[in-house]
Every structure is written in C-alpha cells, then in structure tokens.
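Please treat every number below as a calculation from the coordinates, not as lab data. All values reported here derive from a predicted model rather than from experimental measurement. Here the Cβ positions follow ideal geometry from the backbone for every residue, glycine too, while neighbour counts run over all protein chains shown.
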Amino acid sequence: MPKPVQSPPVADDQSVLVLPTSSQVPGFVVDRAADRLRKRFDVAVERSPLLDADGPPAPDDVASALEAAFRDPDVGAVVAASGGDRQVRVLEHLDRDALAANPTRFFGISDNTNLHCALASADVVSYYGGQCLPGLALDNALADYTAEYLERALFDESLGVVEPADSYTDGHFDFETEEPREWRPAHGWTWNGFDGPVTGRVRGGCLEVLEWVAAADPAGDLVPASEPAHDDGRVLLVETSEELPSPAHVRRVLQNLGARGTLDDLDAVLVGRPKTRHEDSPPQSERDAYRRHQRTAIAETVRDYADAPILFDFDVGHTDPHVPVPLGARVTLDPREESVTFH
C-alpha cells in the first residue's frame with residue numbers, strides 16, 4: 001500500500017486558514033484562537049469566508065473550501081474552527097485526488113475525524129489536535145505543553161519525541177466568566193501489555209465518530225478493514241468526546257470496528273486520556289471510576305480481536321494540554337524509555 005505523504009511545514013510566506021468544517025462557532029472564539037496563533041507562532045492567519053455564513057455551511061461548500069485551501073500555495077495549514085455532526089455529509093463531496101495532489105497540514109479533533117479518515121484514504125498525513133474549539137481558544141492562555149508540540153506540528157518535518165504532561169484538565173471553560181479550570185496531576189501514561197518497543201503507522205481519531213464513518217463507508221476505504229501487511233505496522237488511536245460515552249457504548253463501537261476487521265493485526269493501541277465531565281462536574285470518585293471502567297472496556301474488547309499492547313492516558317483529544325498527533329505518521333511506543341516518538 002502507498003506510504004502516507006507528509007505535507008511540507010508551514011513556510012514563512014504562508015498563512016494558516018481557519019475553516020468551519022461543520023458547525024459555526026462565535027466569531028470571538030475564532031478571533032481568540034487566531035490571535036494566539038499569530039502572537040505565539042508569528043504566523044499569518046486568514047479566516048475562511050464560510051465563517052461569516054448564517055448557520056452551518058453546506059457540506060459541499062466545506063468540501064470545496066477545503067480543496068481550494070489545499071490547492072492554494074499561500075496556505076500552509078488548515079485549522080478547523082470546531083467540529084459538528086453534519087460533517088459526515090462532507091465526505092461524499094470530497095475530491096480525494098485533489099487532496100492527495102496538494103498535501104497540506106490539517107488540524108482538528110472530534111468530528112473532524114471524518115476529514116482525517118478521508119485524508120488518510122488519500123495517503124495524506126493530518127494532525128489530530130490544534131483546532132479552535134475545543135482547543136486553542138480555551139483558558140486564559142495557550143498551555144505551554146500544547147504550544148510546544150503545536151509549533152513542531154506546524155513548522156517541523158516530524159513531531160519527534162513526546163513527553164507526558166505534568167498536569168491536565170478536562171473541565172468546562174466558561175467564556176463569560178473566564179474562570180480558570182481545575183488542573184490535576186497527570187501521573188504519566190499507563191503502559192499495558194508491552195514487552196518492548198512497538199512501531200507502526202497511526203490512524204484513528206474520536207471513537208464515536210469512527211463509528212459514523214464506518215457506517216457511511218460501505219466500501220471500507222475510510223475506516224479500513226485489516227490493511228495489507230507491510231513493514232510499517234499498525235497503531236490505532238482512539239479517544240472519546242465530551243458526550244462521555246458509557247463503557248458499554250465504547251465496547252460496542254470497538255466490537256463494530258472489530259467486525260469490520262479494523263482491529264485485526266494491530267501492533268498497538270494509543271488511547272487518549274478520557275474527558276470525565278462536561279458542563280456538570282460529578283464527584284472525583286465518579287470521574288475516576290468512569291476512567292477505570294472505560295479502560296477495562298477498551299482492553300477487554302481489543303484483546304478479543306488482537307494481541308496488541310495498549311498505551312492509556314496519552315495527552316490527545318478532548319482534554320488539555322494536548323499533542324497534535326500526526327495521523328499517518330510512524331510512531332514508536334517504547335515502554336522501557338516510557339517515550340512516544342513520531343517519525
């Protein structure tokens with residue numbers, strides 16, 4: 001199978017385009033994220049005209065805008081404004097050949113898993129992280145940990161070695177009060193079932209959205225069945241959203257993916273630290289139990305299909321700070337060094 005193409009780093013004369021890929025977000029949120037990109041990374045930021053539309057942009061307009069951004073030599077990266085569950089409707093309008101012919105760095109999480117899967121099927125590396133909301137616009141400043149890896153994702157050939165964050169938050173940020181969120185010690189990553197280092201190409205995204213993509217993808221090229229054997233290996237990335245899916249739901253989604261062959265022959269699974277609260281905040285004991293039960297559901301279900309080690313609590317997805325994971329890149333998970341390296 002073809003090797004995914006790493007799009008070139010953002011050049012000094014290129015800009016970052018903010019694009020609404022499904023839902024709209026308030027203008028001040030986009031402005032806040034764009035201002036942080038400009039000031040922190042000294043990069044020009046442009047706004048897509050679709051941000052000024054009344055209501056969510058039409059799926060075909062999103063597809064056309066994304067293709068146009070990839071074709072535009074002045075655009076070095078595209079940052080999703082947010083997600084939105086209408087995004088699955090964009091897939092049928094995308095010209096994946098156009099995306100493959102003009103690889104450009106794309107950043108987004110959650111519902112943007114739809115577009116990540118399309119880019120993966122076009123053999124283009126994209127970044128799971130770095131969108132405006134949730135992401136760049138939250139808190140009173142961009143976390144240094146997020147900024148360090150986002151800078152690499154924008155301007156370096158590869159992400160390199162990633163270290164675990166010292167602290168994290170999964171709390172809701174209120175833009176009206178701007179009250180600081182609660183941050184807790186992160187306690188590192190959890191290595192489960194590793195005998196030694198594992199290397200493979202990483203694909204995946206938000207677990208709930210992978211289920212949608214699979215349902216919209218009868219041909220099986222967006223969320224593939226077991227891929228042809230090659231020397232690169234296979235690592236699956238999964239994380240869950242602010243909708244806080246139950247452990248039973250997580251188990252069922254993984255079973256559905258397993259029935260497609262997606263879990264066959266995996267070399268490892270990389271699991272993001274789950275969000276355990278949204279606008280409400282249950283007691284810490286309930287949140288800890290949610291995390292444990294989700295971990296058990298993932299471990300038991302994966303091992304019904306593959307003898308694959310699992311790295312839990314990776315800093316990616318709906319919690320902060322986060323690493324923009326390059327989907328399609330090679331990654332080495334080394335339990336001895338307790339390191340994750342993207343090549």
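Tabulated data for the structure shown
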| read-out | value |
| --- | --- |
| Directionally averaged projected area (convex hull, Cα atoms, the range 27-122), nm² | 6.0 nm² |
| Per-residue ³J(HN,Hα) for the range 55-66, Karplus 6.51 cos²θ - 1.76 cosθ + 1.60, θ = phi - 60°, Hz, x for Gly and Pro | x, x, x, 5, x, 5, 5, 4, 4, 5, 5, 5 |
| Between the range 307-343 and the range 148-181, the alpha-carbon center distance in angstrom | 14 Å |
| Selection from 133, 107, 214 lying farthest towards where the dipole of the chain points positive, charges on Cβ | 214 |
| Over the chain, relative contact order from alpha-carbon pairs under 8 Å, at least 6 apart, % | 20 percent |
| Dipole-positive endmost among 116, 296, 142 within the chain (Cβ charges, Cα centre) | 296 |
| For the range 214-343, alpha-carbon Rg relative to the globular expectation (2.2 N^0.38 Å, N residues) | 1.08 |
| In sequence order, calculated HN-Hα J values of the range 137-146 (Karplus, 6.51, -1.76, 1.60; Hz; x Gly/Pro) | 8, 7, 6, 7, 6, 5, 4, 4, 4, 4 |
| Debye log10 I(q)/I(0) for the chain, one point scatterer per Cα, at q = 0.09, 0.12 Å⁻¹ | -0.43, -0.79 |
